[in-house]
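Report on the structure given below.
The values are calculated or read from the model by the stated rules, or taken from the named source; none is laboratory data. Since we're looking at a predicted model, the values are computed, not measured. Methodologically, a virtual Cβ is constructed for each residue, glycine included, from the backbone with ideal geometry; neighbour enumeration extends over all protein chains shown.
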Amino acid sequence: MPSLLLQTLCIWVAILQGHAFNSYILPVPQSHHSSSPVRTSLFNPSLTLTCAQTADDTSQVKQSNRKSKNATKWIACSSTKEVTRAIERYVQGGDRVAELGSQLREPSSMICEMIGASGKAMLVDIERKFPNEKKGSDRTSAMRREGDEDEFYNDRATFRELKTFDGWRHALLSTQYNILVVDVSIVAGNDLDLTCISLIKEFIALNSGSGDNNDNPCRAIIVKSGSLHNLARRLYHAQTILSGSRTIRLRENEQSSVVGAVGVEEYRRTIPFVVRKGDVCVEVGCHLGTSTTIIDEAAKDTTAETGGCLGVDVGPHIIERAKEKYPHLPFEVGDGFEIGSLIRMRSSHFPPSTNNSIYDVVYVDIGGLSGSEGLLEAVSLLSSITNCLEPRCIVIKSLCVRRLASCLVPFSEVWRKEKMAEQANTEPK
(Lines give C-alpha, C1' and ligand atoms only; values in the text may rest on other atoms or scores of the structure.)
Protein backbone atom coordinates (compact mmCIF):
# COMPACT_ATOMS: atom_id res chain seq x y z
CA MET A 1 0.00 0.00 0.00
CA PRO A 2 2.73 2.57 0.84
CA SER A 3 4.47 1.75 -2.45
CA LEU A 4 1.20 2.40 -4.35
CA LEU A 5 0.79 5.79 -2.66
CA LEU A 6 4.42 6.63 -3.48
CA GLN A 7 3.90 5.71 -7.14
CA THR A 8 0.74 7.84 -7.31
CA LEU A 9 2.56 10.78 -5.74
CA CYS A 10 5.41 10.47 -8.26
CA ILE A 11 2.93 10.47 -11.16
CA TRP A 12 1.26 13.64 -9.89
CA VAL A 13 4.62 15.39 -9.43
CA ALA A 14 5.58 14.50 -13.01
CA ILE A 15 2.26 15.84 -14.34
CA LEU A 16 2.59 19.08 -12.41
CA GLN A 17 6.19 19.57 -13.56
CA GLY A 18 5.15 19.00 -17.16
CA HIS A 19 2.30 21.49 -16.81
CA ALA A 20 4.60 24.09 -15.29
CA PHE A 21 7.04 23.71 -18.19
CA ASN A 22 4.35 23.76 -20.87
CA SER A 23 2.76 26.88 -19.42
CA TYR A 24 5.92 28.80 -20.35
CA ILE A 25 6.20 27.49 -23.91
CA LEU A 26 5.68 30.37 -26.30
CA PRO A 27 3.28 30.20 -29.23
CA VAL A 28 5.12 30.21 -32.55
CA PRO A 29 4.68 33.78 -33.77
CA GLN A 30 3.41 34.34 -37.30
CA SER A 31 6.35 36.53 -38.19
CA HIS A 32 9.13 36.79 -40.73
CA HIS A 33 11.37 34.34 -38.86
CA SER A 34 9.19 32.13 -36.69
CA SER A 35 11.86 29.42 -36.68
CA SER A 36 14.33 31.73 -34.97
CA PRO A 37 16.50 30.20 -32.22
CA VAL A 38 15.11 32.88 -29.92
CA ARG A 39 12.41 30.47 -28.70
CA THR A 40 14.91 27.91 -27.50
CA SER A 41 17.20 30.47 -25.92
CA LEU A 42 14.34 31.56 -23.69
CA PHE A 43 14.59 28.20 -21.91
CA ASN A 44 18.37 28.22 -21.55
CA PRO A 45 19.10 27.65 -17.82
CA SER A 46 21.74 30.40 -17.94
CA LEU A 47 19.00 32.91 -18.84
CA THR A 48 16.82 32.40 -15.77
CA LEU A 49 15.40 35.35 -13.85
CA THR A 50 16.41 36.27 -10.33
CA CYS A 51 13.82 35.80 -7.58
CA ALA A 52 13.60 39.56 -7.14
CA GLN A 53 12.90 40.11 -10.86
CA THR A 54 10.28 37.36 -10.92
CA ALA A 55 8.49 38.68 -7.83
CA ASP A 56 8.53 42.24 -9.17
CA ASP A 57 7.21 41.22 -12.59
CA THR A 58 4.53 38.95 -11.10
CA SER A 59 3.33 41.86 -8.97
CA GLN A 60 3.17 44.13 -12.04
CA VAL A 61 1.29 41.55 -14.11
CA LYS A 62 -1.26 41.04 -11.32
CA GLN A 63 -1.64 44.79 -10.97
CA SER A 64 -2.10 45.19 -14.73
CA ASN A 65 -4.83 42.55 -14.75
CA ARG A 66 -6.94 44.44 -12.21
CA LYS A 67 -8.97 46.26 -14.84
CA SER A 68 -11.34 48.95 -13.70
CA LYS A 69 -14.98 48.16 -14.37
CA ASN A 70 -15.43 51.73 -15.59
CA ALA A 71 -12.16 52.29 -17.44
CA THR A 72 -12.31 55.60 -19.28
CA LYS A 73 -11.51 55.53 -22.99
CA TRP A 74 -9.36 58.32 -24.41
CA ILE A 75 -10.70 59.10 -27.88
CA ALA A 76 -7.94 60.90 -29.82
CA CYS A 77 -9.16 63.07 -32.70
CA SER A 78 -7.04 64.85 -35.29
CA SER A 79 -9.56 67.53 -36.32
CA THR A 80 -12.66 69.44 -35.21
CA LYS A 81 -14.72 67.36 -37.65
CA GLU A 82 -13.55 64.16 -35.91
CA VAL A 83 -14.32 65.69 -32.50
CA THR A 84 -17.88 66.47 -33.63
CA ARG A 85 -18.32 62.93 -34.98
CA ALA A 86 -16.91 61.45 -31.76
CA ILE A 87 -19.35 63.51 -29.68
CA GLU A 88 -22.21 62.16 -31.77
CA ARG A 89 -20.83 58.63 -31.29
CA TYR A 90 -20.18 58.65 -27.53
CA VAL A 91 -22.45 61.24 -25.86
CA GLN A 92 -25.88 60.01 -24.71
CA GLY A 93 -29.11 61.69 -23.72
CA GLY A 94 -29.07 62.91 -20.11
CA ASP A 95 -25.26 62.93 -19.88
CA ARG A 96 -23.27 65.51 -17.93
CA VAL A 97 -20.59 66.77 -20.32
CA ALA A 98 -17.70 69.18 -19.77
CA GLU A 99 -16.00 70.93 -22.69
CA LEU A 100 -12.64 72.57 -22.07
CA GLY A 101 -11.66 74.95 -24.86
CA SER A 102 -15.22 75.70 -25.92
CA GLN A 103 -15.71 78.02 -28.90
CA LEU A 104 -19.52 77.61 -28.88
CA ARG A 105 -19.37 76.24 -32.39
CA GLU A 106 -20.00 72.81 -33.95
CA PRO A 107 -18.65 70.59 -31.12
CA SER A 108 -20.48 72.62 -28.45
CA SER A 109 -23.73 72.51 -30.44
CA MET A 110 -23.39 68.75 -30.97
CA ILE A 111 -22.86 68.24 -27.22
CA CYS A 112 -26.04 70.13 -26.42
CA GLU A 113 -28.03 68.32 -29.10
CA MET A 114 -26.89 64.88 -27.94
CA ILE A 115 -27.48 65.38 -24.19
CA GLY A 116 -31.00 66.71 -24.78
CA ALA A 117 -33.02 68.78 -22.34
CA SER A 118 -32.36 66.30 -19.51
CA GLY A 119 -28.57 66.62 -19.77
CA LYS A 120 -26.17 69.28 -18.56
CA ALA A 121 -23.13 70.82 -20.27
CA MET A 122 -20.38 72.90 -18.69
CA LEU A 123 -18.66 74.85 -21.49
CA VAL A 124 -15.35 76.41 -20.44
CA ASP A 125 -12.88 78.69 -22.23
CA ILE A 126 -10.24 81.21 -21.23
CA GLU A 127 -10.76 84.95 -21.53
CA ARG A 128 -9.63 86.11 -24.95
CA LYS A 129 -9.74 88.99 -27.39
CA PHE A 130 -12.56 88.55 -29.85
CA PRO A 131 -11.75 88.41 -33.59
CA ASN A 132 -12.39 91.44 -35.76
CA GLU A 133 -15.74 90.98 -37.52
CA LYS A 134 -14.56 92.74 -40.67
CA LYS A 135 -11.12 91.15 -41.11
CA GLY A 136 -10.52 87.51 -41.97
CA SER A 137 -14.09 86.38 -41.33
CA ASP A 138 -13.47 83.04 -43.06
CA ARG A 139 -10.38 82.34 -40.96
CA THR A 140 -12.05 83.32 -37.69
CA SER A 141 -15.48 81.79 -38.29
CA ALA A 142 -14.70 78.91 -35.92
CA MET A 143 -13.80 81.29 -33.09
CA ARG A 144 -16.14 82.43 -30.34
CA ARG A 145 -17.61 85.93 -30.62
CA GLU A 146 -18.67 88.33 -27.90
CA GLY A 147 -22.18 87.60 -26.68
CA ASP A 148 -22.40 84.13 -28.29
CA GLU A 149 -23.08 82.58 -24.88
CA ASP A 150 -26.14 84.73 -24.15
CA GLU A 151 -28.59 82.53 -26.06
CA PHE A 152 -26.61 79.30 -26.42
CA TYR A 153 -28.80 76.37 -25.22
CA ASN A 154 -29.54 78.13 -21.95
CA ASP A 155 -31.83 75.31 -20.83
CA ARG A 156 -28.95 72.84 -20.59
CA ALA A 157 -25.59 74.62 -20.97
CA THR A 158 -23.54 76.83 -18.66
CA PHE A 159 -20.66 78.86 -20.08
CA ARG A 160 -17.67 79.95 -17.97
CA GLU A 161 -14.59 82.00 -18.77
CA LEU A 162 -11.26 81.44 -17.01
CA LYS A 163 -8.50 83.98 -16.48
CA THR A 164 -5.84 81.25 -16.77
CA PHE A 165 -5.69 77.65 -18.00
CA ASP A 166 -4.98 76.36 -14.47
CA GLY A 167 -8.46 77.43 -13.40
CA TRP A 168 -10.05 74.44 -15.13
CA ARG A 169 -10.10 72.40 -11.90
CA HIS A 170 -12.22 74.93 -10.05
CA ALA A 171 -14.49 75.46 -13.05
CA LEU A 172 -15.22 71.81 -13.80
CA LEU A 173 -15.06 69.75 -10.68
CA SER A 174 -18.03 70.94 -8.67
CA THR A 175 -19.83 67.89 -10.09
CA GLN A 176 -19.03 64.59 -11.83
CA TYR A 177 -19.15 64.15 -15.59
CA ASN A 178 -19.85 61.31 -18.01
CA ILE A 179 -17.84 62.81 -20.87
CA LEU A 180 -15.00 65.34 -21.15
CA VAL A 181 -14.31 67.09 -24.46
CA VAL A 182 -10.98 68.90 -24.51
CA ASP A 183 -8.96 70.93 -27.01
CA VAL A 184 -5.72 71.94 -25.28
CA SER A 185 -4.50 73.87 -28.31
CA ILE A 186 -7.33 76.38 -27.84
CA VAL A 187 -6.69 77.08 -24.17
CA ALA A 188 -2.90 76.59 -24.12
CA GLY A 189 -2.06 77.91 -27.58
CA ASN A 190 -0.50 74.72 -28.96
CA ASP A 191 -0.93 70.95 -29.22
CA LEU A 192 0.92 70.07 -26.00
CA ASP A 193 0.70 66.30 -25.65
CA LEU A 194 2.25 66.01 -22.17
CA THR A 195 0.03 68.81 -20.84
CA CYS A 196 -2.95 67.03 -22.35
CA ILE A 197 -2.04 63.66 -20.79
CA SER A 198 -1.47 65.31 -17.41
CA LEU A 199 -4.84 67.07 -17.60
CA ILE A 200 -6.69 63.88 -18.55
CA LYS A 201 -5.11 61.84 -15.75
CA GLU A 202 -5.86 64.54 -13.19
CA PHE A 203 -9.43 64.96 -14.43
CA ILE A 204 -10.10 61.21 -14.14
CA ALA A 205 -8.67 61.16 -10.61
CA LEU A 206 -10.67 64.19 -9.46
CA ASN A 207 -13.83 63.06 -11.25
CA SER A 208 -13.82 59.83 -9.24
CA GLY A 209 -15.80 60.69 -6.13
CA SER A 210 -13.90 58.33 -3.82
CA GLY A 211 -10.57 58.52 -5.63
CA ASP A 212 -11.19 54.97 -6.88
CA ASN A 213 -11.44 54.42 -10.64
CA ASN A 214 -14.33 52.01 -10.02
CA ASP A 215 -16.30 55.06 -8.84
CA ASN A 216 -15.48 57.00 -12.02
CA PRO A 217 -18.63 57.84 -14.04
CA CYS A 218 -16.64 59.19 -17.02
CA ARG A 219 -17.05 56.83 -19.98
CA ALA A 220 -14.91 58.71 -22.49
CA ILE A 221 -12.64 61.69 -22.93
CA ILE A 222 -12.77 63.11 -26.44
CA VAL A 223 -9.56 65.00 -27.06
CA LYS A 224 -8.52 67.02 -30.09
CA SER A 225 -4.78 66.45 -30.37
CA GLY A 226 -2.86 65.59 -33.51
CA SER A 227 0.10 64.32 -31.48
CA LEU A 228 -2.04 62.02 -29.28
CA HIS A 229 -3.92 60.78 -32.35
CA ASN A 230 -0.57 60.00 -33.97
CA LEU A 231 0.60 58.12 -30.86
CA ALA A 232 -2.69 56.21 -30.65
CA ARG A 233 -2.19 54.88 -34.19
CA ARG A 234 1.35 53.67 -33.37
CA LEU A 235 0.81 52.29 -29.86
CA TYR A 236 0.25 48.57 -29.23
CA HIS A 237 -0.62 46.52 -26.16
CA ALA A 238 1.86 43.61 -26.16
CA GLN A 239 -0.84 41.00 -25.59
CA THR A 240 -2.68 42.02 -28.76
CA ILE A 241 0.52 41.35 -30.72
CA LEU A 242 1.28 38.04 -29.01
CA SER A 243 -2.31 36.79 -29.40
CA GLY A 244 -2.47 37.77 -33.07
CA SER A 245 -5.50 40.04 -32.60
CA ARG A 246 -3.48 42.95 -34.02
CA THR A 247 -0.72 43.01 -36.60
CA ILE A 248 2.04 45.46 -35.83
CA ARG A 249 3.00 47.91 -38.57
CA LEU A 250 6.75 47.67 -39.10
CA ARG A 251 7.54 49.92 -42.04
CA GLU A 252 10.70 51.79 -42.84
CA ASN A 253 10.62 55.59 -43.04
CA GLU A 254 7.53 55.84 -40.82
CA GLN A 255 7.33 56.96 -37.20
CA SER A 256 8.21 54.23 -34.72
CA SER A 257 5.67 51.66 -33.64
CA VAL A 258 5.56 51.41 -29.83
CA VAL A 259 4.76 48.23 -27.87
CA GLY A 260 3.95 48.39 -24.15
CA ALA A 261 4.78 45.19 -22.25
CA VAL A 262 4.56 44.15 -18.60
CA GLY A 263 6.99 41.74 -17.00
CA VAL A 264 10.22 40.27 -18.37
CA GLU A 265 8.49 37.26 -19.93
CA GLU A 266 6.06 39.36 -22.01
CA TYR A 267 8.85 41.83 -22.83
CA ARG A 268 11.01 39.03 -24.27
CA ARG A 269 8.16 37.30 -26.07
CA THR A 270 7.82 40.34 -28.35
CA ILE A 271 11.31 39.79 -29.81
CA PRO A 272 10.35 37.39 -32.67
CA PHE A 273 7.59 39.80 -33.71
CA VAL A 274 9.69 42.95 -34.04
CA VAL A 275 13.36 42.00 -34.55
CA ARG A 276 14.67 41.01 -37.97
CA LYS A 277 17.95 39.45 -39.04
CA GLY A 278 20.52 42.17 -39.66
CA ASP A 279 18.85 44.68 -37.32
CA VAL A 280 20.99 46.98 -35.20
CA CYS A 281 19.33 47.06 -31.77
CA VAL A 282 19.93 48.62 -28.37
CA GLU A 283 18.51 47.70 -24.98
CA VAL A 284 18.35 50.67 -22.63
CA GLY A 285 18.39 49.40 -19.05
CA CYS A 286 20.01 46.08 -19.92
CA HIS A 287 20.95 45.14 -16.32
CA LEU A 288 23.05 41.93 -16.53
CA GLY A 289 22.40 41.54 -20.26
CA THR A 290 20.07 38.53 -20.31
CA SER A 291 17.46 40.12 -22.57
CA THR A 292 20.23 41.78 -24.60
CA THR A 293 21.59 38.32 -25.42
CA ILE A 294 18.22 37.10 -26.69
CA ILE A 295 17.73 40.24 -28.80
CA ASP A 296 21.26 39.84 -30.18
CA GLU A 297 20.56 36.23 -31.19
CA ALA A 298 17.43 37.32 -33.06
CA ALA A 299 19.16 40.26 -34.80
CA LYS A 300 22.57 38.86 -35.71
CA ASP A 301 22.93 37.69 -39.29
CA THR A 302 25.98 35.43 -39.16
CA THR A 303 26.03 34.97 -42.93
CA ALA A 304 26.20 38.67 -43.74
CA GLU A 305 27.97 39.47 -40.46
CA THR A 306 25.50 42.25 -39.71
CA GLY A 307 23.15 43.13 -36.89
CA GLY A 308 23.29 42.63 -33.16
CA CYS A 309 22.33 44.33 -29.92
CA LEU A 310 24.12 46.83 -27.68
CA GLY A 311 23.34 46.75 -23.96
CA VAL A 312 23.28 50.06 -22.07
CA ASP A 313 22.80 50.61 -18.35
CA VAL A 314 23.45 53.50 -15.98
CA GLY A 315 25.27 51.32 -13.41
CA PRO A 316 29.03 50.83 -13.99
CA HIS A 317 29.21 47.76 -11.73
CA ILE A 318 26.24 46.16 -13.49
CA ILE A 319 27.88 46.71 -16.88
CA GLU A 320 31.13 45.14 -15.59
CA ARG A 321 29.19 42.04 -14.54
CA ALA A 322 27.33 41.95 -17.88
CA LYS A 323 30.65 42.04 -19.77
CA GLU A 324 31.97 39.18 -17.62
CA LYS A 325 28.84 37.12 -18.18
CA TYR A 326 28.52 37.80 -21.93
CA PRO A 327 32.00 38.81 -23.18
CA HIS A 328 30.94 38.41 -26.83
CA LEU A 329 28.38 41.25 -26.57
CA PRO A 330 28.94 45.03 -26.53
CA PHE A 331 27.92 46.85 -23.33
CA GLU A 332 28.22 50.52 -22.40
CA VAL A 333 27.54 52.67 -19.34
CA GLY A 334 24.97 55.27 -20.29
CA ASP A 335 21.73 57.06 -19.42
CA GLY A 336 18.75 56.24 -21.63
CA PHE A 337 17.52 59.82 -21.37
CA GLU A 338 20.78 61.10 -22.91
CA ILE A 339 19.93 60.31 -26.52
CA GLY A 340 23.11 61.90 -27.88
CA SER A 341 25.27 59.35 -26.08
CA LEU A 342 23.21 56.48 -27.56
CA ILE A 343 23.90 57.87 -31.03
CA ARG A 344 27.65 58.04 -30.36
CA MET A 345 27.71 54.49 -28.94
CA ARG A 346 26.25 53.07 -32.14
CA SER A 347 29.16 54.23 -34.28
CA SER A 348 31.59 52.57 -31.84
CA HIS A 349 30.08 49.11 -32.22
CA PHE A 350 28.30 48.89 -35.58
CA PRO A 351 29.04 49.90 -39.19
CA PRO A 352 27.25 52.95 -40.66
CA SER A 353 23.50 52.60 -41.17
CA THR A 354 22.14 51.89 -44.64
CA ASN A 355 18.83 53.58 -43.83
CA ASN A 356 17.65 56.63 -41.89
CA SER A 357 17.52 54.80 -38.55
CA ILE A 358 20.25 55.07 -35.95
CA TYR A 359 18.88 51.83 -34.44
CA ASP A 360 16.31 49.56 -36.06
CA VAL A 361 14.74 48.43 -32.77
CA VAL A 362 15.03 49.91 -29.27
CA TYR A 363 14.14 47.95 -26.12
CA VAL A 364 13.59 49.97 -22.93
CA ASP A 365 13.59 48.58 -19.37
CA ILE A 366 14.22 51.56 -17.10
CA GLY A 367 13.46 51.57 -13.37
CA GLY A 368 10.71 54.03 -12.49
CA LEU A 369 9.00 53.63 -15.87
CA SER A 370 8.15 49.94 -15.55
CA GLY A 371 5.38 50.45 -12.97
CA SER A 372 2.03 52.24 -12.93
CA GLU A 373 3.54 55.71 -12.49
CA GLY A 374 5.90 57.69 -14.70
CA LEU A 375 3.64 57.97 -17.76
CA LEU A 376 4.71 61.53 -18.61
CA GLU A 377 8.39 60.61 -18.39
CA ALA A 378 7.81 57.47 -20.45
CA VAL A 379 5.94 59.34 -23.21
CA SER A 380 8.63 62.03 -23.23
CA LEU A 381 11.36 59.39 -23.60
CA LEU A 382 9.44 57.58 -26.35
CA SER A 383 9.09 60.87 -28.23
CA SER A 384 12.83 61.56 -27.96
CA ILE A 385 13.74 58.05 -29.14
CA THR A 386 11.28 58.26 -32.03
CA ASN A 387 12.50 61.64 -33.26
CA CYS A 388 16.25 61.20 -32.67
CA LEU A 389 16.99 57.50 -33.18
CA GLU A 390 14.16 56.87 -35.69
CA PRO A 391 13.81 53.13 -34.99
CA ARG A 392 11.26 50.96 -36.73
CA CYS A 393 9.93 49.82 -33.36
CA ILE A 394 10.29 50.59 -29.64
CA VAL A 395 9.37 47.99 -27.02
CA ILE A 396 9.07 49.39 -23.51
CA LYS A 397 8.58 47.36 -20.34
CA SER A 398 6.07 49.65 -18.66
CA LEU A 399 2.74 49.09 -16.98
CA CYS A 400 1.71 52.72 -17.43
CA VAL A 401 2.43 52.64 -21.18
CA ARG A 402 0.59 49.33 -21.62
CA ARG A 403 -2.39 50.82 -19.77
CA LEU A 404 -2.26 53.81 -22.11
CA ALA A 405 -2.34 51.38 -25.04
CA SER A 406 -5.51 49.88 -23.56
CA CYS A 407 -7.41 53.16 -23.26
CA LEU A 408 -6.04 55.45 -26.02
CA VAL A 409 -8.18 55.04 -29.15
CA PRO A 410 -7.64 56.77 -32.53
CA PHE A 411 -11.12 57.91 -33.55
CA SER A 412 -10.20 57.65 -37.24
CA GLU A 413 -10.03 53.85 -36.79
CA VAL A 414 -13.39 53.75 -34.98
CA TRP A 415 -14.96 55.78 -37.80
CA ARG A 416 -13.35 53.66 -40.53
CA LYS A 417 -14.54 50.37 -39.02
CA GLU A 418 -18.08 51.67 -38.52
CA LYS A 419 -18.26 52.87 -42.13
CA MET A 420 -16.94 49.52 -43.39
CA ALA A 421 -19.59 47.72 -41.31
CA GLU A 422 -22.34 49.99 -42.66
CA GLN A 423 -21.16 49.40 -46.22
CA ALA A 424 -21.10 45.63 -45.68
CA ASN A 425 -24.66 45.70 -44.31
CA THR A 426 -26.01 47.71 -47.25
CA GLU A 427 -24.41 45.59 -49.98
CA PRO A 428 -26.78 43.10 -51.63
CA LYS A 429 -26.41 39.55 -50.40
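Given the residues 370, 357, 353, 383, which is the only one that is farther than 17 Å from residue 259 by Cβ and of a type outside the set (A, V, I, L, M, F, W, C)?
On the way: 370 fails: farther than 17 Å from residue 259 by Cβ; 357 fails: farther than 17 Å from residue 259 by Cβ; 383 fails: farther than 17 Å from residue 259 by Cβ.
Residue meeting the stated conditions: 353.
Output yes when any residue across the range 336-345 is of a type in the set (Lys, Arg) and either under 23 Å from residue 388 (Cα atoms) or crowded, with 21+ Cβ neighbours inside 10 Å (or both), and no when none is.
Keep residues of the range 336-345 that are of a type in the set (Lys, Arg), which gives 344.
Filter once more, so that each one left must be either under 23 Å from residue 388 (Cα atoms) or crowded, with 21+ Cβ neighbours inside 10 Å (or both): 344.
Checked against the condition, which is being of a type in the set (Lys, Arg) and either under 23 Å from residue 388 (Cα atoms) or crowded, with 21+ Cβ neighbours inside 10 Å (or both), the range 336-345 yields at least one hit.
If I filter the range 161-172 for residues that are within 24 Å of the chain's Cα centre (by Cα), more than 30 Å from residue 270 (Cα to Cα), outside any helix (DSSP H, G or I) and basic (Lys, Arg), do I get at least one hit? It would help to see each step written out before you state the result.
Quick first cut of the range 161-172, residues within 24 Å of the chain's Cα centre (by Cα) only: none.
No - not one qualifying residue is present in the range 161-172.
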| Do we find that residue 297 is under 12 Å from residue 282 (Cα atoms) and of a type outside the set (A, V, I, L, M, F, W, C) in this structure? | no
| note | Only one of (1) over 24 Å from the mean Cα position of the chain (by Cα); (2) charged (D, E, K, R); (3) part of a loop (DSSP other than H, G, I, E, B); (4) modelled with pLDDT of 90 or more does not apply to residue 324, and that is (3)
| request: State whether one or more residues within the range 348-356 are closer than 30 Å to residue 200 by Cβ, in contact (Cβ under 8 Å) with a residue 24 or more places away in the chain and of a type in the set (A, V, I, L, M, F, W, C). | output: no
| said: So, residue 200, is that one crowded, with 21+ Cβ neighbours inside 10 Å and of a type outside the set (Lys, Arg) or not? | reply: yes
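Does residue 249 satisfy the criteria of being at negative phi, of a type outside the set (A, V, I, L, M, F, W, C), touching a helix residue (DSSP H, G or I) at 6+ places or on another chain (Cβ under 8 Å) and without any contact (Cβ under 8 Å) to a residue 40 or more places away in the chain? Talk me through it step by step, then tell me what you get.
Details: at negative phi: yes; of a type outside the set (A, V, I, L, M, F, W, C): yes; touching a helix residue (DSSP H, G or I) at 6+ places or on another chain (Cβ under 8 Å): yes; without any contact (Cβ under 8 Å) to a residue 40 or more places away in the chain: yes.
Against the criterion (at negative phi, of a type outside the set (A, V, I, L, M, F, W, C), touching a helix residue (DSSP H, G or I) at 6+ places or on another chain (Cβ under 8 Å) and without any contact (Cβ under 8 Å) to a residue 40 or more places away in the chain), residue 249 qualifies.
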| query | What strands (runs of 3 or more DSSP E) lie completely within the range 344-429 and have 2 or more residues being under 25 Å from residue 293 (Cα atoms) and under 17 Å from the mean Cα position of the chain (by Cα)? | reply | 361-364, 393-397
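Looking for whichever is modelled with pLDDT of 90 or more and either surrounded by fewer than 15 Cβ atoms within 10 Å (Cβ to Cβ) or polar (S, T, N, Q) (or both) here; the options are 140, 164, 158. Which one fits?
On the way: 140 fails: modelled with pLDDT of 90 or more; 164 fails: modelled with pLDDT of 90 or more.
The conditions single out 158.
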